[in-house]
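Chemist: Please find one structure pasted underneath; my questions will follow.
The values are calculated or read from the model by the stated rules, or taken from the named source; none is laboratory data. This is a predicted model, so every value here is computed, not measured. All Cβ positions, glycine included, derive from the backbone under ideal geometry; neighbour counts span all protein chains shown.
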Amino acid sequence: MSWQALLIKIYFRVQRFFSPLRDELDVPRERADLEAFAKTFKPLGKVDISRVDAGGVPAAWIVPPGLETKRTILYLHGGSYNAGSIDSHLPLTGSIALTAKARVLAIDYHLAPEHPFPAAVEDALAAYRWLLKESAQANQIVVAGDSAGGGLALSLLLSLHQLGLPQPAAAVCLSPWTDLTCSGESWTTNAKVDFMLKRIPAFKSAEIYFREADPRAPLVSPLYGDPAGLPPLLIQVGSEEVLLSDSTLFAEKARLAGVDVTLETWKGMQHVWQYVASMLPEARQAVARIGEFVIQHCPV
């Protein structure tokens, strides 16, 4: 583990001691805090940003200067389904665009509680349909997302399978939230070492998202779906995350269904550490690995 990672861990440990994570869910604060991250961290280099309407969904192209390939990443941001945006995740999407030598289409899907399930899935599907119609072929697209967005990426893949639409070339899921019942073992075993997520507010976030739906419905919690027929998957997760089980259990189920799954468990890493690639060596290494995976499975 790098000295930067150790320093960050000490900082979080001290911060959590003096200001413990609360059980209350404050959506406006969650939104403000996540937006503030983008003012602190930057992508690994310069990217061009242009706003578009992706089939009725607000979106933005994030493109490395001089890019000539049609390699495309549809990116779904995290934020517990009630926070996050194109802007909040620019440090992450910009870095991935650079390492994958790809154009990234990031979308602002509708958020809970104003827009509960299935709004986010419908927006992701609309953006994917728009890409197929206007901009790319399925074999030129990789679907990606982090946390709730990682789970949403898997829900999108399951939805494509149900509708008989072509799957993308591959998918990348960073610390995906695959089980909104929050019942995985690591919610308990990693509770004291995960400095970013806590079970009670996470489940409250889940409740205002799935609302009247069954939390075990596959498009809500993809862990309970049938992953047969999904494209190659790269799943990255930190060993100290409460969402560790969400990744390991989904990866195991997908492998048993014949899916080509690459599961990377990064020792000592916190939730979506890839976001801070501008300051953390392990984040830069992880983002570089994402780039390699995308290029491998989408060489166009």
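Chemist: If you check every pair at least six apart or on different chains, which have Cβ atoms under 7 Å apart with a residue in the stretch 192-209 that is in contact (Cβ under 8 Å) with a residue 60 or more places away in the chain and over 14 Å from L111 (Cα atoms) first and a residue that is aromatic (F, W, Y) and surrounded by fewer than 17 Cβ atoms within 10 Å (Cβ to Cβ) second?
Modeler: What qualifies is F195/F12.
Chemist: What number of residues in the stretch 271-295 are buried (at least 22 other Cβ atoms within 10 Å of the Cβ), farther than 22 Å from L157 by Cβ and of a type in the set (S, T, N, Q)?
Modeler: Total satisfying the criteria: 0.
Chemist: Checking the structure you have, find out if any residue of the stretch 62-80 is in contact with a strand residue (DSSP E or B) (Cβ under 7 Å, 6 or more places away or on another chain), loosely packed, with under 15 Cβ neighbours inside 10 Å and either among the β-branched types (V, I, T) or within 29 Å of L132 (Cβ to Cβ) (or both).
Modeler: yes
Chemist: Moving on to the next point. Within the stretch 36-56, track down each residue that is farther than 12 Å from Y275 by Cα and modelled with pLDDT of 95 or more.
Modeler: Hits for the stretch 36-56 are G45, K46, V47, D48, I49, S50, R51, V52, D53, A54, G55, G56.
Chemist: Quick one: would you say G258 is in contact (Cβ under 8 Å) with a residue 24 or more places away in the chain and touching a Ser or Thr at 6+ places or on another chain (Cβ under 9 Å)?
Modeler: No; evaluated as a whole, the condition is false for this residue.
Chemist: Now, a different point. Using beta carbons and a limit of 7 Å, which pairs, at least six apart or on different chains, have the first residue in the stretch 225-237 and over 10 Å from A254 (Cβ atoms) and the second one aromatic (F, W, Y) and modelled with pLDDT of 95 or more?
Modeler: Hits for this filter: L234/F293; Q236/W266.
Chemist: Assess whether V220 counts as being outside any helix (DSSP H, G or I), among the β-branched types (V, I, T) and either surrounded by fewer than 19 Cβ atoms within 10 Å (Cβ to Cβ) or out of contact with any Cys (no Cβ under 8 Å at 6 or more places or on another chain) (or both).
Modeler: When the stated conditions are applied, V220 passes them.
Chemist: For the condition on the phi > 0 side of the Ramachandran plot and not aliphatic (A, V, I, L, M), what is the one hit in S175, S155?
Modeler: Residue meeting the stated conditions: S175.
Chemist: Here is a further query. Of these, R29, R16, R22, which one is outside any strand (DSSP E or B), over 24 Å from P113 (Cβ atoms), of a type in the set (K, R) and at pLDDT below 95?
Modeler: It is R16.
Chemist: Between L174, L154, L244, L132, which is within 27 Å of P91 (Cα to Cα) and free of Cβ contacts under 8 Å to residues at least 40 places away in the same chain?
Modeler: Step by step, each of L174, L154, L244, L132 is checked, and only L132 is within 27 Å of P91 (Cα to Cα) and free of Cβ contacts under 8 Å to residues at least 40 places away in the same chain.
Chemist: Regarding S159, is this residue modelled with pLDDT of 95 or more, closer than 20 Å to A228 by Cβ and out of contact with any Asp or Glu (no Cβ under 6 Å at 6 or more places or on another chain)?
Modeler: yes
Chemist: Tell me, please, whether a residue that is surrounded by fewer than 22 Cβ atoms within 10 Å (Cβ to Cβ), of a type outside the set (G, A, S), part of a loop (DSSP other than H, G, I, E, B) and modelled with pLDDT of 95 or more can be found in the stretch 192-207.
Modeler: No; the residues of the stretch 192-207 include none that is surrounded by fewer than 22 Cβ atoms within 10 Å (Cβ to Cβ), of a type outside the set (G, A, S), part of a loop (DSSP other than H, G, I, E, B) and modelled with pLDDT of 95 or more.
Chemist: Could you list, ordered by first residue, the pairs with Cβ atoms under 6 Å in which the first is in the stretch 22-39 and within 18 Å of H89 (Cβ to Cβ) and the second is of a type in the set (A, V, I, L, M, F, W, C) and at pLDDT 85 or above, at least 6 apart or interchain?
Modeler: What qualifies is E30/A83; R31/A83; L34/A83; A38/L90.
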